[in-house]
1. Counting only heavy atoms of the protein chains, get the accessible area per residue of the chain (1.4 Å probe) and round it to a whole Å² value.
2. Run lengths n ≥ 4 of DSSP H only: what is the helix-derived mean residue ellipticity at 222 nm for the chain, with -39500 (n - 2.57) per run over all residues, to the nearest 500?
3. Can you give the extra length, in nm with one decimal, that the chain gains between Thr227 and Leu199 once fully stretched, where that is 0.36 nm per residue apart less the Cα-Cα distance?
4. Place a label point 7 angstrom from the Cα of Asp112 along the Cα-to-Cβ direction, then list the residues of the range 75-102 whose backbone nitrogen is under 18 Å away.
5. So if I place +1 on the C-beta of Lys and Arg and -1 on the C-beta of Asp and Glu, and nothing else carries charge, what would the dipole magnitude of the range 1-125 be about its Cα centre? I want it in debye, nearest 20.
6. Using a 1.4 Å probe and ignoring any ligands, DNA or RNA, find the accessible area of Glu50 and quote it in Å² to the nearest 10.
7. Roll a 1.4 Å probe over the protein heavy atoms and report the accessible area of Lys156 in Å², nearest 10.
8. Counting only protein heavy atoms and a 1.4 Å probe, tell me what percentage of the chain's accessible area is made up of carbon and sulfur.
Amino acid sequence: MRPSLPGGQFTFPGTSMTVQRMGYGAMQLAGPGVWGPPGDPVMARAVLREALEAGVNHIDTSDFYGPHVTNQTIRQALHPYRAGLVLVTKLGARRPPDKSWQCANSPQELTDGVHDNLRNLGLDVLDIVNYRVVGSGHGTQEGSVAEQMTVLADLKRQGLIRHIGLSNVTAAQVVEAQAITDIVCVQNLYNLVHREDDLLIDALARQGIAYVPFFPLGGFTPLQSSTLSDVAARLGATPMQVALAWLQNRAPNILLIPGTSSLIHLRENLAAMNLTLSPEALVALDRIAVPASTH
Ligand SMILES: NC(=O)c1ccc[n+]([C@@H]2O[C@H](COP(=O)([O-])OP(=O)(O)OC[C@H]3O[C@@H](n4cnc5c(N)ncnc54)[C@H](OP(=O)(O)O)[C@@H]3O)[C@@H](O)[C@H]2O)c1
């Protein structure tokens, strides 16, 4: 029996998939710029294996990380996959040779994307597929997702996908998608500083839908705040640990997928679930994102 991580568990709605709320995001395993092989392939596989040994059973990935490389690394490290591991992947983008991120959301591109993920992960069926809207950078952009949801719902009926989620979406896009198919998770940019999704998180929590913040530690621009550092120093923790503990505390439907290519950071991130934030610390941390004019 695997260890149960502190931080609790979450069952995706309408599924039998229960995961530890502390998961792992695999994007950092590709080379610089999320392109090419890992800088240290042995370390990349070690990080994946240690995460699972510690009890992680939720890994976020995509075939456009690398491209293909991150999924292939997961397969090399973890296949055959242990029972209970939930691999969540995403479609909607492609990486041309200039290493840019381009939209890939036609029916053919989505179908090809499912088959790429199946092949590179070594699976017959994908646990959860998020449709990632390519908007402006990491920001959302309104626009219909009906065609893409219809394609994914069809791939689900064909048995190639178990469950469907969304990424980089607005509340209106979630509602539109739900009229077409069941949505089990939403993955958007959110952290201690970027709190544009506060209302969406609460709305999803009421429906039991998972909210999975990407860039929980700030992504390519690590979170920095004197308040965060002060709270961390008082707890004898690191700022990144406090940022994760704050997310864990923010809402019961938040699942954590911090990304790291380092064993030391992995251990630090997993240990963050042991932190208890006092009411005073939570008030101080909440104020980090409040516009200066309202202080
Ligand atoms: N849906 C989307 O559009 C989307 C977009 C971006 C990401 N994602 C997903 O979200 C996951 C998380 O996002 P992310 O990995 O981009 O960003 P993140 O988790 O916010 O931050 C990762 C960065 O923080 C560093 N880091 C990790 N743990 C640390 C620690 N304890 N102390 C100091 N630095 C630490 C990592 O470097 P080291 O490698 O050196 O630890 C890396 O540079 C990704 O892995 C991916 O699966 C999804």
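The values are calculated or read from the model by the stated rules, or taken from the named source; none is laboratory data. No experiment lies behind these values; they were computed from the predicted model shown. Cβ coordinates were reconstructed from backbone atoms using ideal geometry, including for glycine residues, and neighbour counts include every protein chain displayed. When the accessible area is computed, the model is the full protein with side chains, heavy atoms only, and any ligands, DNA or RNA have been set aside. Shrake-Rupley method; radii C 1.70, N 1.55, O 1.52, S 1.80 Å.
1. Heavy-atom SASA per residue in the chain reads 43 Å².
2. -11000 deg cm²/dmol
3. Answer, rounded to one decimal: 7.7 nm.
4. 90-102
5. Roughly 200 debye for the range 1-125.
6. For Glu50, solvent-accessible area is about 50 Å².
7. Number for this one is 60 Å².
8. The value for the chain is 54 percent carbon and sulfur by accessible area.
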